[in-house]
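> Please find one structure pasted underneath; my questions will follow.
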Amino acid sequence: TMRLLIRESLEPLGYRILEAEDGRQGVEIMNREGADIILMDVQMPLMDGFEACRLIRARSEHAGVPILFITGLDDVESIEHAYRAGATDFITKPIDWLILRNRVRYMVRAGLAAEQVRRQEATLIEAQRIAQIGNWELDIVNNTLQWSAQTYRIFGREQDDTPLTLQDFIDAIHPDDRAFVEQTYRQSVKDRVPYRITHRLRLASGETRYVEEQCKTYYDPEGNPLRSIGTVQDISERVLAEKRIRTLSQALEQ
């Protein structure tokens with residue numbers, strides 16, 4: 001009866017409704033058909049909503065799909081259990097149908113927008129990998145540094161949750177270039193002028209890489225530096241190719 005009432009409420013708005021009689025069937029339909037939003041009861045035959053939600057969230061392609069729990073269990077413990085299982089939001093019975101329609105409309109739009117952002121991020125990551133270019137952002141106030149996945153690869157480091165600082169970046173620079181890069185950055189912040197330089201990195205493995213780095217710093221209304229944003233591109237192959245060309249040219253001249 002509840003599924004019938006929900007269908008009668010949402011179908012006139014243009015939604016295509018897929019129904020499941022129990023949690024196990026709901027998981028199977030989701031894995032086979034997919035959906036832009038899931039409306040799920042807590043108490044269902046064969047598999048309750050909490051377990052069904054965990055199984056759906058376990059698949060990466062469903063990670064961002066909104067899940068709205070419809071439940072008569074309005075105690076705090078059940079609500080917290082639902083969120084831990086991966087619920088996006090919940091609505092209690094008896095259902096206010098106007099609230100349900102608006103909640104579904106909002107969650108579908110938000111879910112689709114979030115999915116578009118995830119796709120754009122994935123495209124950016126792949127583009128950076130192909131171009132061998134990464135980006136970074138330094139919070140000057142808190143001295144915290146954020147690297148993109150490609151920046152970690154360029155610096156020869158495994159991506160993890162270890163906090164990074166400006167010193168971590170400086171320590172990765174080749175010892176012969178370290179003073180030059182640090183002075184260039186600090187002078188750029190002082191003069192409020194972006195910079196673009198080429199320097200070397202010394203990886204933990206001992207390998208030397210050439211990179212082209214660009215940076216721009218942003219300030220608050222009083223002129224205090226807030227954050228620096230930059231890119232770093234691995235140009236080792238280009239630099240080595242240019243060196244080989246120069247060597248061949250010298251040999252030809254001789």
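The values are calculated or read from the model by the stated rules, or taken from the named source; none is laboratory data. Given the structure is predicted, the values throughout are model-derived calculations rather than measurements. Note: ideal-geometry Cβ built from the backbone for every residue, glycine included; neighbour counts use all protein chains shown. For accessibility, only protein heavy atoms count, side chains too; no ligands or nucleic acids. Shrake-Rupley method; radii C 1.70, N 1.55, O 1.52, S 1.80 Å.
> Order these peptides, 245-254, 176-185, 207-216, by their mean beta-carbon neighbour count within 10 angstrom, highest first. Write out the running numbers ahead of the final one.
Values: 245-254: 8.5, 176-185: 15.2, 207-216: 17.5.
Sorting 245-254, 176-185, 207-216 by mean packing, highest first, produces 207-216, 176-185, 245-254.
> Distance from the Cα centre of the stretch 160-179 to that of the stretch 125-140, in angstrom?
Computed from Cα coordinates, the inter-centre distance equals 16 Å.
> Follow-up question, since we're still on this one. How large is the helix-only mean residue ellipticity at 222 nm for the chain, computed as the sum of -39500 (n - 2.57) over DSSP H runs with n ≥ 4, divided by its residue count, in deg cm²/dmol to the nearest 500? Mind dumping the intermediate values first?
Numbers: 9 runs with 122 residues, N = 254.
Calculated mean residue ellipticity at 222 nm is -15500 deg cm²/dmol.
> Using the alpha-carbon atoms, what tilt in degrees (0 to 90, nearest 10) does helix 23-33 show relative to the longest principal axis of the chain?
Tilt of helix 23-33: around 50 degrees.
> Enter the angle in degrees (range 0 to 90, nearest 10) between the Cα long axis of helix 97-131 and the first principal axis of the Cα atoms of the chain, meaning the one along which they spread out most.
On a 0 to 90 degree scale, this one is about 20.
> Out of 236, 148, 60, any idea which swings most in a Gaussian network model of the chain, alpha carbons joined below 10 Å?
Per the Cα network of the chain with a 10 Å cutoff, 60 tops the list.
> Around residue 164, what is the net charge, scoring Lys/Arg as +1 and Asp/Glu as -1 over all other residues with Cβ under 15 Å from its Cβ? It would help to have the intermediate numbers written out before the result.
On the way: positive: 153, 157, 227; negative: 137, 139, 158, 160, 161, 168, 171.
Overall, the nearby charge balance is -4.
> A further question on this structure: For the stretch 60-189, what D do you get in µm² per second when you plug the Kirkwood radius from alpha-carbon pairs into Stokes-Einstein at 10 °C and 1.306 mPa s?
84 µm²/s
> Still on this structure, I have one more. List the lysines whose Cα lies under 27 Å from the Cα of residue 190, skipping any in the same chain that are fewer than 8 positions away.
216
> Give me the one-decimal nm value for the distance between modelled label points at residue 212 and residue 28, 7 Å along each residue's Cα-to-Cβ direction.
With each label placed 7 Å out from Cα toward Cβ, I get 5.7 nm.
> If Lys and Arg each add +1 and Asp and Glu each add -1, what is the summed charge of the other residues whose beta carbon sits under 12 Å from the beta carbon of residue 198? Don't jump to the answer; show the numbers that get you there.
Values: positive: 196, 200, 209, 238; negative: 177, 212, 213, 234, 242.
Its environment carries a net charge of -1.
> Suppose every K and R has +1 on its Cβ and every D and E has -1 on its Cβ; what is the size of the dipole of the stretch 133-254 about the Cα centre, in Debye to the nearest 20?
Values: 16 positive and 20 negative charges, 89 e Å.
Computed about the Cα centre, the dipole is about 420 debye.
> Still on this structure, please answer the following. Taking all protein chains in place and a 1.4 Å probe, what share, in percent, of the accessible surface of the stretch 1-155 do carbon and sulfur account for?
Numbers: 4760 of 9180 Å².
Carbon plus sulfur share of accessible area: 52 percent.
> A further question on this structure: Give, in nm to one decimal, the length gained when the segment between residue 142 and residue 13 is fully stretched (0.36 nm per residue of separation minus the Cα-Cα distance).
Numbers: separation 129, 0.36 × 129 = 46.44 nm, distance 4.82 nm.
So the extension gain works out to 41.6 nm.
> Between residue 203 and residue 252, how high is the FRET efficiency from 1/(1 + (r/R0)^6) when r is the Cβ-Cβ distance and R₀ = 51 Å? Nearest 0.05. It would help to have the intermediate numbers written out before the result.
Working: r = 34 Å, r/R0 = 0.66.
Once the sixth-power term is evaluated, E becomes 0.90.
> Sticking with this structure for a sec: What trypsin sites (Lys or Arg not before Pro) does the stretch 2-52 have in DSSP loop regions with at most 15 other beta carbons within 10 Å?
Numbers: sites: 3, 7, 16, 24, 32; in loops: 16.
Of the trypsin sites (Lys or Arg not before Pro), the ones in loops of the stretch 2-52 whose Cβ has at most 15 other Cβ atoms within 10 Å are 16.
> Just how much of residue 11 is accessible, in Å², when a 1.4 Å probe is used and the result is rounded to the nearest 10?
80 Å²
> Would you tally the net charge around residue 47, using a Cβ to Cβ cut-off of less than 12 Å, leaving residue 47 out, and scoring K and R as +1, D and E as -1? Numbers along the way, then the final one.
Values: positive: 24, 54; negative: 21, 22, 28, 41, 48, 51.
Summing Lys and Arg as +1 and Asp and Glu as -1 gives -4.
> Going 7 Å from the Cα of residue 43 in the Cα-to-Cβ direction, what parts of the stretch 60-103 have a backbone nitrogen less than 15 Å from that spot?
Hits in the stretch 60-103 for residue 43 at 15 Å: 70-75, 78-79, 92-95.
> May I pose another question? Could you tell me how many degrees, from 0 to 90 and to the nearest 10, lie between the Cα long axis of helix 76-85 and the main elongation axis, the longest principal axis, of the Cα atoms of the chain?
50 degrees
> Please give the length that would be gained between residue 176 and residue 193 if that part of the chain were fully extended, namely 0.36 nm times their separation in residues minus their C-alpha to C-alpha distance (nm, one decimal). Numbers along the way, then the final one.
On the way: separation 17, 0.36 × 17 = 6.12 nm, distance 2.40 nm.
Length gained between residue 176 and residue 193: 3.7 nm.
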